[in-house]
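Heads up, the thing below is written out as structure tokens.
The values are calculated or read from the model by the stated rules, or taken from the named source; none is laboratory data. Predicted model, so just to flag it, every value in this text is computed and none were measured. Cβ placement follows ideal geometry from the backbone for every residue including glycine, while neighbour counts extend to all protein chains displayed.
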């Protein structure tokens, strides 16, 4: 039962292969088994690849089944259409397009399985890329808000700097009138004289200006600080909104790119393994000598060609014979007076009817 199934998978003619020896049947059963298991691997690979895209096992399995049947049909077609010839070069030329197709199929099948085999290493590469993207995204968002943040901070620093400058001025005036009273500076006269009073008035005026400046700037600084918090909140919100996009950066294309950043040799060996599996039925047919199945198939095709050739020759001969007969028949009746008079009478009547019709049209037009 299993052998019959693998023979069906090989694409061999059932009538011919069933009449062959067990050895020949086993050869084609082996080819069919390779075709079948390649389709199974294609189903597994495509299901995993599509699962990384859709995150839905049912959709992935459904598409995987379709892809598996497609690969099965292609491989079966490739193997069944390669026929043994008398020249190896002719066989190689015949098989070259099929080998190219087999290479493409092998690459397509191997990539998803490579991604699964090196899943941990690929996840590490993707995590590193996500972190780099997150940092770059945060810097980009910060640069977007940088102008408003810097402007707001500069205005706050300017207001605070004005207050600090005024405080320094008040402190200087305070020190000036105190030292004047003590007699340690200024006029060097102890006591609260006219100069002291002038310096005290200047200090009190500056102190009042400082208080007024603090009151006026306090409200503005509070607004600026609230604005700074709002800008920071907007920045954090923008980063939070864009983070899911970065977190979702683990699809099929991202994993293929991450696979390309891993060492080439392990991935290359896996691809070569699938390439060997995919091309093995073709290579086996190319390298194997003509077997019983090939001779019987060639004999059957030759018989069909002979029948078609004979039918074509008989058809051409019949066509030529019919042409010669009809040429002779028409040559014989060409001089028949009775037929001539009959046709002459019919032509005369037709000409009369045409002439009468022309006259009637002329009368109606006048």
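For residues that are over 33 Å from the mean Cα position of the chain (by Cα) and in contact (Cβ under 8 Å) with a residue 24 or more places away in the chain, scanning just the range 233-253, find the one that is farthest from residue 115 (Cα to Cα). The qualifying residue farthest from residue 115 (Cα to Cα) is 234. Just to be sure before I move on: is residue 59 buried (at least 20 other Cβ atoms within 10 Å of the Cβ) and within 30 Å of residue 257 (Cβ to Cβ) in the structure I sent? No, not satisfied. Might you check whether a residue that is outside the structural domain of residue 36 (by TED's automatic domain parsing), in a helix (DSSP H, G or I) and in contact with a helix residue (DSSP H, G or I) (Cβ under 6 Å, 6 or more places away or on another chain) occurs anywhere in the range 306-328? No, the range 306-328 has no match at all.
Could you look through the range 258-285, keep only residues that are under 30 Å from residue 84 (Cβ atoms) and within 25 Å of the chain's Cα centre (by Cα), and pick out the one that is modelled with the highest pLDDT?
Of the residues in the range 258-285, the ones under 30 Å from residue 84 (Cβ atoms) are 271-285.
Retained after the next criterion (residues that are within 25 Å of the chain's Cα centre (by Cα)): 271-275, 278.
Values: 271: 79, 272: 82, 273: 79, 274: 75, 275: 79, 278: 72.
Of everything passing the filter in the range 258-285, 272 is modelled with the highest pLDDT.
Go through the residues of the range 332-339 one by one and say whether even a single one is at pLDDT 75 or above, surrounded by 10 or more Cβ atoms within 10 Å (Cβ to Cβ) and part of a helix (DSSP H, G or I). Looking for residues that are at pLDDT 75 or above, surrounded by 10 or more Cβ atoms within 10 Å (Cβ to Cβ) and part of a helix (DSSP H, G or I), one finds none in the range 332-339, hence no.
Kindly evaluate residue 81 against the criterion of being surrounded by fewer than 18 Cβ atoms within 10 Å (Cβ to Cβ) and closer than 27 Å to residue 296 by Cβ. Show your work before the answer.
Values: surrounded by fewer than 18 Cβ atoms within 10 Å (Cβ to Cβ): yes; closer than 27 Å to residue 296 by Cβ: yes.
For residue 81, the condition - surrounded by fewer than 18 Cβ atoms within 10 Å (Cβ to Cβ) and closer than 27 Å to residue 296 by Cβ - is met.
Checking each residue in the range 206-248 for being within 23 Å of residue 124 (Cα to Cα) and exposed (fewer than 13 other Cβ atoms within 10 Å of the Cβ) picks out 240, 244, 245, 247, 248.
Is it fair to say residue 137 is under 16 Å from residue 249 (Cβ atoms) and not assigned by TED's automatic domain parsing to the domain that holds residue 48? Spelling it out, residue 137 is indeed under 16 Å from residue 249 (Cβ atoms) and not assigned by TED's automatic domain parsing to the domain that holds residue 48.
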